[in-house]
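Have a look at the structure below, then the notes.
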Amino acid sequence: MEWQVLEYPHDPKHPNWFWLLGGAVIVGAIVAVLFKNFLLAILIVLGGFTSMMFGARRPEVIRCALNDKGITIKNRLYLYEQLKSFWVDAEHPVEPRIIIEAKKMFLPHTLIPLGEGVSAEQVRSYLARFLTEEKHEHSLIDIIGDIFGL
């Protein structure tokens, strides 16, 4: 099973989004400096700059595939032995996606968008042959990213 999909849903940012974020970064950095927390000020500026760069970036088209060895996303193969479980979130308001939970400590879950024409039921039945299906909730980072269009 193979499909191509945008890396993430593209939501073009209005110039006001960048101005609002820039203003919040400046205010946050000034407050951090007033409290003599220079490291926090640097982190706020770097985080704001990174968010602006990511917000302006267009998503690339990625290839996703399910096969007998594992799940391929772009050019990276995630072996089934390295994964704990999966959940097909067909009811997600932004787009249907697969949530994969890995055995790794630092990257515990991965979101894989389902492209148009990809049946959630077919994906579910295919993955059930190799992994346990277990409902996974979206992390706070995923929810915040959906809210801000990141």
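Structure notes:
- When residue 88 is tested against the conditions (1) in contact with a Lys or Arg (Cβ under 9 Å, 6 or more places away or on another chain); (2) open to solvent by 60 Å² or more (accessible area, probe 1.4 Å), the lone failure is (2).
- Scanning region 91-108 for residues that are of a type in the set (Asp, Glu) and crowded, with 16+ Cβ neighbours inside 10 Å gives 95, 101.
- Failed condition for residue 27, given (1) over 20 Å from residue 141 (Cβ atoms); (2) outside any helix (DSSP H, G or I): (2)
- Region 94-136, subset at pLDDT below 75 and within 26 Å of residue 50 (Cα to Cα), residue farthest from the chain's Cα centre (by Cα): 105
- Some residue of region 23-42 being exposed (fewer than 13 other Cβ atoms within 10 Å of the Cβ) and within 23 Å of residue 117 (Cβ to Cβ): no
- Of the strands (runs of 3 or more DSSP E) lying entirely inside region 59-131, those containing at least 2 residues that are in contact with a helix residue (DSSP H, G or I) (Cβ under 6 Å, 6 or more places away or on another chain) and within 26 Å of residue 10 (Cβ to Cβ) are 83-89.
- Residue satisfying all of: in region 48-68; surrounded by 14 or more Cβ atoms within 10 Å (Cβ to Cβ) and free of Cβ contacts under 8 Å to residues at least 40 places away in the same chain; nearest to residue 7 (Cα to Cα) among these: 52
The values are calculated or read from the model by the stated rules, or taken from the named source; none is laboratory data. Predicted model, so just to flag it, every value in this text is computed and none were measured. Note that each Cβ is placed from the backbone with ideal geometry, even for glycine, and that neighbours are counted across all protein chains shown. These accessible areas exclude ligands, DNA and RNA; they are computed on the full protein's heavy atoms, side chains included. Shrake-Rupley method; radii C 1.70, N 1.55, O 1.52, S 1.80 Å.
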